[in-house]
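What follows draws every value from the coordinates through simple rules; no lab data is involved. Note that the coordinates shown come from a computational prediction; the quantities given were computed from them, not determined experimentally. A quick note on method: Cβ atoms are made from the backbone with ideal geometry, for glycine too, and the neighbour counts reach across all protein chains shown.
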Amino acid sequence: MRRGSSKKSGQSNPSVNSSAADLFRSASSKANSKELERIDSLFYTYANGSSGLIDPEGIEALCADIEVDHTDLRILMLAWKMKAEEQGYFTLDEWRRGLKALRADTVSKLKKALPDLEKEVRRPSNFSDFYSYAFQYCLTEEKQKSIDIESICELLTLVLGSTFPTQVNLFVEYLKNQNDYKVVNMDQWMGFFRFCNEISFPSLSDYDPELAWPLVLDNFVEWLREKQK
Amino acid sequence: MSNQKKKHFQIEAFKHKVVMDPKYPDKTWKILEDAIHEIYNHNASGLSFEELYRNAYNMVLHKFGERLYSGLVATMTVHLKDIAQSIEAAQGGSFLEELNRKWNDHNKALQMIRDILMYMDRTYVPSARKTPVHELGLNLWRENVIYSSQIRTRLLNTLLELIHSERTGEVIDRGIMRNITKMLMDLGPSVYEHEFEKHFTNVSAEFYQVESQRFIECCDCGDYLKKAERRLNEEMDRVSHYLDPETEKKINKVVEEQMIENHMLRLIHMENSGLVNMLCDDKYEDLGRMYTLFRRVTDGLLKIREVMTSHIRESGKQLVTDPERLKDPVEFVQRLLDEKDKYDKIINLPFNNDKSFQNALNSSFEYFINLNPRSPEFISLFVDDKLRKGLKGVNEDDVEVTLDKVMMLFRYLQEKDVFEKYYKQHLAKRLLSGKTVSDDAERSLIVKLKTECGYQFTSKLEGMFTDMKTSQDTMQGFYASHPDLGDGPTLTVQVLTTGSWPTQSSITCNLPAEISALCEKFRSYYLGTHTGRRLSWQTNMGFADLKATFGKGQKHELNVSTYQMCVLMLFNNADKLSYKEIEQATEIPAPDLKRCLQSLALVKGRNVLRKEPMSKDVVEDDAFFVNDKFSSKLYKVKIGTVVAQKESEPEKQETRQRVEEDRKPQIEAAIVRIMKSRKQLDHNNLIAEVTKQLQSRFLANPTEVKKRIESLIERDFLERDDNDRKLYRYLA
């Protein structure tokens, strides 16, 4: 906004106001660069000297500082905000992206930003994206398309456990007890999310296996119905 | 009048007025009235037609038509009333005769009267819009005679009674019946209908209701139908003899309803004589009768068809699930063919080749044949048996007939790909052991399969035939280029293209030295002309002819499998061999070796080896010797056979699994094909299209198709639409 008005004033009185604008710009950019500097230096306090990345150890240290357990969902949310690609590692770019968006350049600011971050993630428009991100984040090997049952159960509990506790608990139980599937892929992962959102529990009255639900959910519903008898 | 020249006489008009005699009309009418009396009294012969005609003519001319007409009406009415009385007075049987006679009289009289009054009929009647004489006569008869209270009811009852007696077997005077009904019809169509026909149909309905009830209690189905048919014929006969033709369809309807429609189900389901019994006992005549009769009523044929269908399905189901029957596959299939023949005949003859019945038969067969998952295998075994020996000596046309019948069963199969798998296996064994009865028959069947299922189905089978032929040529070439081998063992090699032949695991064993060397020569010869190929010996599939000399000098030619040959040849260099030694020398896998030794040592009549100890099973510690005491009536002794047999349980599972595995890529190919052309399609439609495409090979399981779709999504061939979860999109 300022910039706009300063442009105008720049036309009428170029010499005086442009320097003001420049001053401001340089001030704000100074502030910006100061912020960036702080963000960067914060990065390097956690980063591994040889790799230039924050590695799992560094993340653990970070977690200790912001007083959040490293298995806490909020770390995953932070990773989402950073658009971090590799699980367990943050690059400088990712770090910058995340912290800048959160306007946090110190540990305390970061800590304070967490509740808002959580609210932001839980907004329905974002949560679906976050949910699919969570899956992709866990694909560690190149060309890996699916995740083993054990890990899926943990991830599911972590990500959806508070929102849909009943469904998640039952689905985890089912997955652990069945033998047809050893892994779960993205399609099935997303399918379960839609399932929680669209199908009424525990009646399951509006579930129609004729529709294109992933087969694993057809089997899950059958298992549930058997159980309910 | 000619215009003559007036000469002597002139014709002049009357000089005085002509005054009509006032009594003229009465006098003239009296003449005519008397005449009518005479006519009715059968005294017409004394009358002069010309005079009467003239009188009538004059009356009309002088404008007394009205008088004449009303006089006629009055006179006729009087006479008819008299007539009615005389008819009423008639007793019993003569009632109808009297009526008939009087009717004839009346008609004759009427004719004469009409002739006399013809001028009036032609001039006065139309202009005064009166009823013409003839019609008037009929109407007056109707009003005064038929509708007379005494006559009306009596007439109807008499007619109905007579018909009833005829129905109960008595003979009646049909002539008079004819005349009476004709009379009613002449009096006007509604007269016949109201005075007779309506009541006739009602009474008949009652009659047949009672009769059908009686019959159904005491007759069996076949008899009942005969009786019903007879009654129907009777009624038709009755109509043609003395009723109006229009009555035919009405009375038919009555009989059909009472005798057939009302008892349809009871007849069909009658114990010991109903439809099912007729079908089982091939009672063509009864079935034909039932068909013809039931066709006349609504839903008659439908009911027959329903019961027939459920019977065929039920008995078919029992047939295919009966464990006794399943012991012999060839018998099993023969039984199916016999059943089909039986019903084909039934539908052909008594059921008039009715297409809807044929369809019902087909759908029933399709239903129960597929209840048994081994049907494809068994049908292939049946074919195998026929092509091995069953069709030996049979002429070409009969061969075709048999193969066509097999094809018909094949068409009913839902899992045609399972049949293909087994057929390939059995064909391979037939070809390799040279045990086919007729090459032409084999090829003929392949052609039929191709016509039915397309080129893809049979391309591999044809490949097998080609391999056999090519191998022959190769062998010729081999021996031509190696003339020095003439004295050694004769080798025949069949080179099989992998992919055309059923998959086998190639475990080689150690061949005897002479054979091995020969094989090597062949290998180099072959690879010399076909570079880039790889040959692997299938020692578990070959056979050999050995010349053997036993202890007492008896010579035999032994036909054995390759494995057996390897074992026997060892005894050229040793008298005694332990199991372990044989195993080591031949490297035949243990289960095959055990079976091989069993067939050489433990089968009576074929025991060219002796085993110690003499126990039933072959175990590792056994020792083997040549059986010097071996004897057989035949010079050529056959020991190893590679006959196609019904699969054991584990083999069956394996084949089933392979079929399932083969289906997966086919399903995926179908999905991809469909999605590629449609670009996007919803779930249910995709499943439907895939199923349709694969129908000619097998029945696709929707769950399996869904699994394949998900697999394709995972591999990025398809994606789900973001907004509509049911929609799939093709990813190019």
Mean per-residue count of partner chain Cβ within 10 Å for A:208-220 equals 4
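Given a cut-off of 26 Å, what percent of all Cα-Cα pairs of chain A lie beyond it?
Numbers: 13481 of 26106 pairs.
Roughly 52 percent, once rounded to a whole number.
Evaluate the relative contact order of segment B:311-400 (contact order divided by residue number), counting alpha-carbon pairs under 8 angstrom at least 6 apart; express in whole percent. Each step should come with its number before you reach the end.
Numbers: 49 pairs, mean separation 36.9, N = 90.
Rounded, it is 41 percent for segment B:311-400.
About its Cα centre, what dipole magnitude does the protein assembly as shown give when the only charges are +1 on Lys and Arg Cβ and -1 on Asp and Glu Cβ, stated in debye to the nearest 20? Could the numbers behind the result be given before it?
Numbers: 139 positive and 147 negative charges, 571 e Å.
The dipole magnitude comes to about 2740 debye.
Taking Cα pairs under 8 Å and at least six residues apart, what relative contact order does chain B come out at, in percent? Can you show the working numbers first?
Values: 709 pairs, mean separation 48.1, N = 732.
In percent, rounded to a whole number, it is 7.
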Under 14 Å from A:Lys83, Cα to Cα: aspartates and glutamates that are on another chain or at least 8 residues apart:
A:Asp93, A:Glu94, A:Asp129
With a sphere of radius 13 Å drawn around the Cβ of B:Thr703, what net charge do the other residues whose Cβ falls strictly inside it have (Lys, Arg +1; Asp, Glu -1)?
-2
Which whole-angstrom value gives the distance between the alpha carbon centres of segment B:438-513 and segment B:259-331?
49 Å
Sort B:539-551, B:112-124, A:140-152 by the packing proxy (mean of other Cβ within 10 Å over each peptide's residues), most packed first.
B:112-124, B:539-551, A:140-152
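Lys and Arg at +1, Asp and Glu at -1: add these up for the other residues within a Cβ distance under 12 Å of B:Met112 and post the number.
With Lys, Arg at +1 and Asp, Glu at -1, the neighbours total -1.
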Compute the distribution of all C-alpha to C-alpha distances in the protein assembly as shown, in bins of 20 Å from 0, and list the percent of pairs in each, rounded to whole numbers.
9, 19, 19, 18, 15, 11, 7, 2, 0
Give me the base-10 log of I(q)/I(0) for chain B at each q in 0.05, 0.08, 0.09 Å⁻¹, Debye formula, one uniform scatterer per Cα, rounded to two decimals.
-0.57, -0.88, -1.00
Output the pairs from B:Lys429/B:Lys604; B:Lys392/B:Lys469; B:Lys521/B:Lys611; B:Lys611/B:Lys633; B:Lys226/B:Lys405 with a Cα-Cα distance over 27 Å in this structure; if there are none, say none.
B:Lys521/B:Lys611; B:Lys226/B:Lys405
Around A:His70: net Lys/Arg minus Asp/Glu count, Cβ-Cβ under 11 Å
-3
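Please grab the % of Cα pairs in segment B:163-216 that end up more than 16 Å from each other.
Working: 784 of 1431 pairs.
Result: 55 percent of Cα pairs exceed 16 Å.
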Lysines within cross-link reach of B:Lys130: Cα-Cα under 17 Å, excluding same-chain residues under 8 positions apart?
B:Lys63
When we measure straight from the Cα of B:Lys283, which aspartates and glutamates land under 13 angstrom away, once same-chain ones fewer than 8 places off are left out?
B:Asp223
Relative contact order (%) - chain A, alpha-carbon pairs under 8 angstrom, separation at least six:
13 percent
Mean shadow area of segment A:116-229 over all directions, Cα convex hull, nm²:
7.7 nm²
Taking Cα atoms, the helix A:186-198 axis meets the longest principal axis of chain A at an angle in degrees (rounded to 10) of 80 degrees
Take the alpha-carbon centre of segment B:542-601, take the same for segment B:716-732, and report the distance between them in whole Å.
63 Å
Build a GNM of chain A with springs between Cα atoms under 10 Å: which of A:Gln136, A:Gln87, A:Gln178 gets the top mean-square fluctuation?
A:Gln178
With N set to the number of residues, divide the alpha-carbon radius of gyration of segment B:213-366 by 2.2 N^0.38 Å and report two decimals.
1.22
Using only the Cα atoms of segment B:526-659, what are the Rg and Dmax in Å?
17.2, 53
Viscosity 0.890 mPa s, temperature 25 °C: give me the Stokes-Einstein translational D for segment B:290-345 in µm²/s, with Rh taken as the Kirkwood radius over C-alpha pairs.
189 µm²/s
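Just tell me how shielded B:713-720 is by partners: mean number of partner chain Cβ atoms within 10 Å of each residue's Cβ, no decimals. Kindly include the intermediate steps, with their values, before the conclusion.
Working: counts 5, 7, 1, 1, 0, 1, 1, 5.
That works out to 3 on average.
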If you average the C-alpha positions of segment A:100-158 and of segment B:27-66 separately, how far apart do those two centres end up, in angstrom?
127 Å
Output the pairs from B:Lys616/B:Lys636; B:Lys27/B:Lys108; B:Lys327/B:Lys692 with a Cα-Cα distance over 31 Å in this structure; if there are none, say none.
B:Lys327/B:Lys692
Where only C-alpha atoms are counted, convex hull volume of segment B:617-732 per residue in Å³:
216 Å³
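What 222 nm value per residue comes from the helices of the protein assembly as shown, counting each DSSP H run with n ≥ 4 as -39,500 (n - 2.57) and dividing by all residues, nearest 500 deg cm²/dmol? Walk me through the numbers on the way to the answer.
On the way: 42 runs with 609 residues, N = 961.
Estimated from H runs of four or more residues: -20500 deg cm²/dmol.
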Per residue of B:703-709, what is the mean number of Cβ atoms on other protein chains within 10 angstrom of that residue's Cβ?
3
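Given N residues in segment B:418-535, what is Rg(Cα) / (2.2 N^0.38 Å)? Write out the running numbers ahead of the final one.
Details: Rg = 16.3 Å, N = 118, 2.2 N^0.38 = 13.5 Å.
Relative to the rule-of-thumb radius for its length, segment B:418-535 sits at 1.21.
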